[in-house]
Amino acid sequence: MTKAPARARNSHVWERDKFDHYVEPEWIGNALFGALDLPVGTVVLDPSCGWGRLLRGAQTAGLYALGSDIVPRWNDKEAVNFQTVRNDRGVLCLRPSLVQADWFASGDDWCPSTAPGWREPQVVASNPPYDRAEEFLELALTRATMMVVLILPLRWIAGDRRTARLETSPLYKLMPICPRPSMPPGSAIASGTRVEGGKVDFGVFVWLKGYRGAPQIEWLRKPAVARGRRVRSA
Ligand SMILES: C[S@@+](CC[C@H](N)C(=O)[O-])C[C@H]1O[C@@H](n2cnc3c(N)ncnc32)[C@H](O)[C@@H]1O
């Protein structure tokens with residue numbers, strides 16, 4: 001069994017993972033692509049896709065998913081088993097196109113694939129490595145042709161320097177995630193450690209290229225079914 005990373009004493013924050021492999025709860029990908037309601041077949045690239053949980057959400061919404069990561073985590077046994085994914089039309093999805101690549105590489109090296117969609121993804125959507133999230137965003141705004149969707153700590157909407165940049169960016173929507181998600185390292189999940197009870201609030205930030213209005217707020221709520229409750233029929 002994989003060794004779980006230590007938590008600092010009296011702290012609810014996990015010790016830093018080398019490449020920031022923190023994993024969002026599975027329901028978030030489905031809920032966010034459901035809420036974005038993009039046209040079927042839209043090309044979505046997750047350039048730090050890890051185990052592929054957001055890609056699974058994209059495929060379930062009928063989108064064309066591409067993924068890359070500096071570490072090929074899709075080979076881990078905890079990674080999404082895409083063979084079992086059906087989109088909302090009940091169609092069995094194929095494994096998305098996945099390549100090992102460094103998003104921060106210069107030139108064209110961030111994209112070693114020549115398969116369709118790679119060089120000009122319509123949407124870049126990711127739970128990025130947090131220590132380089134600002135740099136990640138700037139590259140995503142250059143490389144996506146339509147939209148950038150990032151899961152980020154909600155504290156991003158505060159602070160002089162960062163908000164000055166946000167104000168001049170095409171930030172279209174902020175979706176605070178409710179309830180507060182747990183975002184443990186993949187190694188903690190792999191070791192079977194109990195991983196509930198996040199202490200940091202996160203939101204999905206959506207940039208729409210060319211957008212000039214004020215950003216909207218829309219809460220991204222965990223569906224009742226995913227909370228383990230029965231949904232009453234209307
Ligand atoms: C927050 S995790 C993403 C979790 C993912 N959604 C999942 O389902 O596992 C961030 C990911 O960024 C990757 N990463 C870190 N630095 C990177 C880089 N320079 N280029 C590409 N991916 C990178 C890490 O390997 C990690 O898998």
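Each reported figure results from applying straightforward, stated rules to the coordinates on display, with no laboratory input. Remember, predicted model here, so these are calculated numbers, not experimental data. Don't worry about glycine lacking a Cβ; one is built from the backbone with ideal geometry, like all the others, and counts go over all protein chains shown.
When you count the other C-beta atoms within 10 angstrom of each residue and take the mean per peptide, 58-64, 77-83 line up highest first as 58-64, 77-83. Within region 26-218, the ratio Rg/Rh, alpha carbon atoms throughout and Rh by Kirkwood, equals 0.94.
Per residue, the convex hull around the alpha carbon atoms of region 120-210 comes to 106 Å³. Normalised by the number of residues in the chain, what is the relative contact order in percent for Cα pairs under 8 Å and 6+ residues apart? Averaging sequence separation for qualifying contacts and normalising by length gives 21 percent for the chain. Look at the alpha carbon pairs under 8 Å that are at least 6 residues apart: their mean separation over the length of region 78-201 gives a relative contact order of 15 percent. Got a sec? Charge dipole of region 88-203, +1 on Cβ for Lys and Arg, -1 for Asp and Glu; which of Gly197, Thr142, Tyr172 is way out at the positive end? Result: Gly197. Per residue, the convex hull spanned by the Cα atoms of region 49-137 measures out at 100 cubic angstrom.
Structure note, pairs Lys18/Lys222; Lys18/Lys199; Lys18/Lys77; Lys173/Lys222: Cα-Cα distances above 24 angstrom occur for Lys18/Lys222.
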